[in-house]
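The values are calculated or read from the model by the stated rules, or taken from the named source; none is laboratory data. Predicted model, so just to flag it, every value in this text is computed and none were measured. Quick reminder, even Gly has a Cβ in these numbers, built from the backbone with ideal geometry, and neighbours come from all protein chains shown. The accessibility values were calculated without ligands, DNA or RNA, using every heavy atom of the protein model including side chains. Shrake-Rupley method; radii C 1.70, N 1.55, O 1.52, S 1.80 Å.
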Amino acid sequence: MSLARRWAEDWPTRPEVGVRLLGLWEEPRRRYHGPQHLAEVLAAGELLGCTRAERLALWFHDAVQHGRPGEDERASAALALRWLPAAGWSGAEAAEVARLVALTEHHRPAAGDGPGARVCDADLAVLGAPPERYRESVAQLRAEQPALDDAQWRAARRAVVEDLLGAHRYATTTGRELWGARACANLRDELSSLRG
């Protein structure tokens, strides 16, 4: 199903917001944080049982993407706070979407935060993808960082992978069952290649 159709099924009366969001996701410079990632995250969200508000957060979670981790997530959350009330969503709805988007900076929702757990797990589902897709996603991430030379990229990426292996566990039972073992294997394989 196309991304435009996915939007139309959830929010048929607000097509202009979907068009604007898709315009951001389709920026030519994006390699990983583009339509493929959005489609995969939305599909993962379906498997996790994401609500409409959570799916809306997935649409916004990487809407702003300039290759500045942390800043991009905060800017995406701020975008939701601006766009959603202007398009008719309540302030409370916009605040919840922004909160969920902000969680994707570190992917560590609080215990008992079901919405946050589902959004974070959906965003990281690619870690548990088949090895070919996982490696492709890493190559796409590398392509989004042209300012880094190979040594800088390897050092930065190694830190990310070590953090994910050391601290990350999918926050939902479904996420752990669907992607946990494969994610660990993918991350270990990548770390081995980074150390080699």
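Does anyone have the angle between helix 114-123 and the longest principal axis of the chain? Alpha-carbon axes, 0 to 90°, nearest 10?
The angle comes out near 60 degrees.
From the phi of every residue in segment 93-105, what ³J(HN,Hα) in whole Hz does the Karplus formula 6.51 cos²θ - 1.76 cosθ + 1.60 yield, where θ is phi - 60° and glycine or proline is x?
4, 4, 5, 5, 4, 4, 4, 5, 4, 4, 5, 6, 5
Which net charge results when you count Lys and Arg as +1 and Asp and Glu as -1 among the other residues whose beta-carbon is under 11 Å from that of Asn186?
+1
Taking only C-alpha pairs under 8 Å that are 6+ residues apart, what is the relative contact order of segment 91-160 in percent?
The normalised contact order for segment 91-160 reaches 16 percent.
How big is the charge dipole of segment 71-173 about its Cα centre, in debye rounded to the nearest 20, if each Lys and Arg gets +1 on its Cβ and each Asp and Glu gets -1 on its Cβ?
Charge dipole of segment 71-173: 140 debye, to the nearest 20.
May I ask you to give the solvent-accessible area per residue for segment 30-139, in square angstrom, as obtained with a 1.4 angstrom probe?
40
Over the chain, calculate the relative contact order: mean separation of alpha carbon pairs under 8 Å at least 6 apart, over the residue count, as a percent.
Computed over the chain, the figure is 20 percent.
Over segment 112-196, what is the relative contact order in percent, taking alpha-carbon pairs closer than 8 angstrom and at least six residues apart?
Relative contact order for segment 112-196 comes out at 47 percent.
Please list, in order along segment 178-186, the HN-Hα scalar couplings obtained from phi with the Karplus expression 6.51 cos²θ - 1.76 cosθ + 1.60 (θ = phi - 60°), rounded to whole Hz, x for Gly and Pro.
6, 10, x, 5, 5, 4, 4, 5, 4
How much solvent-accessible surface does Glu46 expose, in Å² to the nearest 10, with a 1.4 Å probe and all protein chains in place?
Roll a 1.4 Å probe over it and Glu46 shows about 110 Å².
Alpha carbon centre of segment 165-181 versus segment 93-153: separation in Å?
Computed from Cα coordinates, the inter-centre distance equals 13 Å.
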